[in-house]
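Beneath this line is the structure, given in structure tokens, with notes to follow.
The values are calculated or read from the model by the stated rules, or taken from the named source; none is laboratory data. These numbers come from a predicted model, not from an experiment. Cβ: placed from backbone, ideal geometry, glycine included. Neighbour counts: every protein chain shown.
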Amino acid sequence: MAVQTKVIKQKIASVKNIKKITKTMEMVSVSKMKKATGIVTGGKAYSTFAVELLSNIAGERHISHPLMEENTNKEKELVIVISSNKGLCGSYNVNISKALSKYKEASDMEVECLTIGKQSEKSAKRNKLPIIASFINLNEQSRVADFLSIRDIVVEKFRNNEYAKISVLYTEFINSASFKPNILKLIPVQEDIYKNVLLPQEDERRKSDSLAMYVLEPSAGEVLGTVLPGLIAHILYHTFLESAASEHSARMFAMKNAGDNASGLLDDLILYFNQARQAAITQEISEIVGGVEAMN
């Protein structure tokens, strides 16, 4: 019986250590989630003016650009898949994999992938999709400049007519308790899509003719040619941050649930320990009484 109580004591100590770890991971995830959402909010000013400029040039002045026009290639499309490098975040990565599988089945074109995160690479391989490039070194410390190489790859491939369209599969962060996989068309650039992603709840700050009096130099077309690649990089960065915030939120809830389960298991183990100890005490008393009676 002493051996049994010793084993239960060891299990209680292990569960207590696990509970401390899950609580720490939960707190770290909360901090990282707030940081990621703070960066998204901090970039709102750039998003507002960049989308406004796109709206004025492309919408009001009716100036187009190759990145806004459909390609003749209707056979292949590229999906940029964003998920995490790590696990222990509930169903976050599983949902991305399921969304990719569902999108592949619904598409009438051959789908290829560019992956961001180790889990994205696994999802693409699980769905038997070709991977043209993989990026696993991006994290919350990354900045827009770190996404320029990805932007350059997709822009070049679209301009070379290799894909009919290029989309991004990411996890849309709604709030700390709500997030879902979402796919948006990155190229060809569509003003409404970009506005909905970068400024989802933004009312019109100014009228669309607010830039009508301005003369754009060297020309509106060349300005648009500079704005569009910048916006594409910004969209990639924005969707990555939303995915990161969703990942940390998912991990926060996963660790909270793990901590709650550890507490429940701890209560059960303490109960078992007390029962085993009481049984041992009762047995010892019975042996003593039996021994005394035998001596008499």
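Among the residues of segment 25-34, which ones are under 15 Å from the mean Cα position of the chain (by Cα) and surrounded by 16 or more Cβ atoms within 10 Å (Cβ to Cβ)? Residues satisfying the conditions are S29, V30, K32, M33. Within segment 216-228, the residues that satisfy the criterion of being in contact with a His (Cβ under 8 Å, 6 or more places away or on another chain) and either crowded, with 21+ Cβ neighbours inside 10 Å or not in a helix (DSSP H, G or I) (or both) are L224, L228. Please go through segment 229-238 and pick out each residue that is farther than 14 Å from E52 by Cβ and crowded, with 19+ Cβ neighbours inside 10 Å. Across segment 229-238, the qualifying residues are I232, A233, I235, L236, Y237, H238. Of the residues making up segment 177-187, just one is touching a residue at least 12 places away in the same chain (Cβ under 8 Å) and more than 22 Å from T115 (Cβ to Cβ), namely A177.
All conditions in (1) modelled with pLDDT under 70; (2) surrounded by fewer than 16 Cβ atoms within 10 Å (Cβ to Cβ); (3) not charged (D, E, K, R) hold for L211, with the sole exception of (2).
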